[in-house]
Every structure is written in structure tokens, then in C-alpha cells.
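The structure under discussion appears below in the form of C-alpha cells.
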Amino acid sequence: MSFSKAQDLLRLARMAQARHGGVSLDEIKAAFAVSHRTAQRMVQALETTFQNVTWQDGPDRKRRWRLTDPMLDRMELRSESALEALDIAARTAREEGRLRHARALDDLRDGMIARMPPVDAARSEADAEAVLMALGQVARPGPKVTVAPEVLDAIIEALRGPFRLRMRYRGPDAPPRIVEPHGLLRGHRSYLVARQPDRGEDLRNFRLDRIHEARVLDESFAFQPGFSIEDHAARAFGVWQDPAQYGEVIWRFAPDAAERAAEFRFHPTQSLEPQPDGSLILRFHAAGWLEMAWHLYQWGDKVEVLAPEGLRKLVEGYQRSDFDALP
């Protein structure tokens, strides 16, 4: 389950606890702006996750669900799944250098274990350990850029304010910069999205692995009006952004690769156009030609760049025909 879906589930649980008559499908649809089918799936998730969920049909013939215990802090999470989720989240936080989040998750885990009967605690810990070990076998391989945990902690603290951040970028002896953090972009390379007031109002991306020192200042600031980290991230194909390269991107996949390409979500703004000859045209707006070229290489000669011209020239001559499999 994604973080946003987990938040929605907890919000739904609070609604079901707070409303004396429970919550109906229509109320869930309105509160979460979802379809009828999605509301049904949310109710199923509520019943699967919590043991103290009841339902009743009202005089209006609508079914409503509620949590029977009036104390929200006594919602009975199914311990084995919750423990697995906390262990996985804590491990991920450590791998990403988010040590404060890892410690907080460990504290939640320890508190959950302490409240369990000894037999249940032992069983749940064994089950969670088995799942964690199995997931470890499919951990993403390959090199990772190292980010200093104290730098990441300072950035998270600054975002919480929000507060300005004093940092040294590119080298330990570089002159200090004062920036206004707006968000983080996490990927094979991670970036701090921030405004540097002495260089204008535009947001810039700073590589986290090149930040050698960071200290939170007791100086608040206002976010750029209308800023959204999702919208900002969508301006790039991967994580790197170059405003000069931003524009419409058009790729055409060969008929024998079209079905496979249709399974991918290349970009949040994409549109797919099946062609009469069986090929597939993909359109989206983004920047980052180099990261696009890295991805396109995997498709060999099964993809053609129609636009932009700069990207077409970048990949020209590098499309191989001897790849045995598609991505």
C-alpha cells in the first residue's frame, strides 16, 4: 500500500469512529473524491485492516460502517501486517539516510510489541522477520549515491518549518549559500528543490550528494505561490530539469513493441495513440534529454524519436537491433 493510500485508510477510520451513525459509501465518495467502486474497495480495506469494524443499514436503506471502540487510539490493527510494514519502512528509511524517520518507526514498532501478549509478539516478530528477509532478496541492485544523514536530517527539519537553510554546495570549502527548501526529489540521484534568494525567484535543483554541510536557520519564509512538488517533478522525465529542454516529446514504438510500451507509465502527462499499422505513439511534456536517452537505449531499434529534434540527434545511431528482450 502506498503512503497516500495508508493516509486515506487512517482518515477513513477516523471518520468511521467519529460519526455516531457510521460512514456510507456516498459519504466516502464525497470526502475522498473517488468513484463508487473505489469507495467499496476502501471499505473492504477498512474491514480487512481493523478487527473492530461493524456495519448497519439505516432507515434510508444505506449501509454505514463504524469503529465500535470509542477510543481512536485503541483501533485494533492486525499486528502481523502492521509490524511488517513498520520494519520495511524503517529499513527503507535507513537505506535512504533518513535516520530520524527510522528511529521514529523503530519506536512505534517497539511500542506495538510491548502492548502485545508475549505469544502474539513472538509470532508476529517471526512472521515480520521472514517477510523482511524475503524482500531483501529482491532489493534493487546497482550503485547508490551516498547522502550524509545529517544533511538529510537538516533538510527535513527545514522543510518542516519551513525555515531557511545555510549550506555548502559542491565542496566543503565552498562559500555558504542561503536557500529556501521547497521539496525533495528522490531517485537514482536525489535533489533538493530550493529557491536561492540572492539569485532570483526561480526554483533550482541541488544534488544532495554535493551538499557538504547544512544548518537550519531560525528564519522562516513563504513557499512560492502555487508550488507543488508533484507538478515540479513532472517537468522532468527523470529527476534532472533543464528549462531550455522543456517541451513536447513524441516517441513512436514499433508494432512488435507497442503492446509492451503500452504497459509503461513513462510520464504523468503522457497520452498514447495506437496507430493503424500497429505502432504506438507516445506524447508527453518534460525536460531531461540525457535521462530519456538512457531509457530509450533499452528499447533498441524498437522506438523512434519524432520530437524534439535535439533528443532525436542525441540517440541517432545508437539504436541496436540485437537486444533479445524489451524492458
Taking segment 204-221 and the residues there that are free of Cβ contacts under 8 Å to residues at least 60 places away in the same chain and either exposed (fewer than 15 other Cβ atoms within 10 Å of the Cβ) or of a type in the set (A, V, I, L, M, F, W, C) (or both), the one that is farthest from E150 (Cα to Cα) would be F221
Picking from A30, A16, A45, the residue that is without any contact (Cβ under 8 Å) to a residue 12 or more places away in the chain, among the aliphatic types (A, V, I, L, M), part of a helix (DSSP H, G or I) and assigned by TED's automatic domain parsing to the domain that holds R66 would be A30
Within segment 248-267, residues exposed (fewer than 12 other Cβ atoms within 10 Å of the Cβ), under 26 Å from the mean Cα position of the chain (by Cα) and more than 18 Å from W294 (Cβ to Cβ) come out as E263
Checked segment 250-280 for anything out of contact with any Leu (no Cβ under 7 Å at 6 or more places or on another chain) and either assigned to a helix (DSSP H, G or I) or touching a residue at least 24 places away in the same chain (Cβ under 8 Å) (or both); matches are A254, P255, D256, E259, F264, H267, P268, T269, S279
Selection status of E291, acidic (D, E), within 24 Å of E96 (Cα to Cα) and touching a residue at least 12 places away in the same chain (Cβ under 8 Å)
yes
- request: Might you let me know whether segment 281-290 holds any residue that is of a type in the set (G, A, S), within 29 Å of L185 (Cα to Cα), touching a helix residue (DSSP H, G or I) at 6+ places or on another chain (Cβ under 7 Å) and not in a loop (DSSP other than H, G, I, E, B)?
  value: yes
Picked from segment 185-202 (must be crowded, with 18+ Cβ neighbours inside 10 Å and closer than 19 Å to G226 by Cβ), the residue farthest from the chain's Cα centre (by Cα) is R195
Considering segment 222-234, residues that are surrounded by fewer than 16 Cβ atoms within 10 Å (Cβ to Cβ) and not small (G, A, S), and then whichever is farthest from L159 (Cα to Cα), we arrive at D231
Of the residues in segment 169-183, those that are surrounded by fewer than 18 Cβ atoms within 10 Å (Cβ to Cβ) and either among the charged types (D, E, K, R) or touching a Leu at 6+ places or on another chain (Cβ under 9 Å) (or both) come to R170, D173, I178
Of (1) buried (at least 17 other Cβ atoms within 10 Å of the Cβ); (2) touching a Ser or Thr at 6+ places or on another chain (Cβ under 8 Å); (3) in contact (Cβ under 8 Å) with a residue 24 or more places away in the chain; (4) over 19 Å from R189 (Cβ atoms), V239 fails just (4)
Review point. Taking the condition assigned to a loop (DSSP other than H, G, I, E, B), at pLDDT below 95 and within 16 Å of V147 (Cβ to Cβ), does P225 pass?
Key: no
With criteria (1) within 30 Å of G161 (Cα to Cα); (2) in contact with a Phe, Trp or Tyr (Cβ under 7 Å, 6 or more places away or on another chain), Q241 comes up short on (2)
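The values are calculated or read from the model by the stated rules, or taken from the named source; none is laboratory data. Since the model is a prediction, treat every value here as computed from it, not as a measurement. Here Cβ is always computed from backbone atoms with ideal geometry, including for glycine, and neighbour counts include all displayed protein chains.
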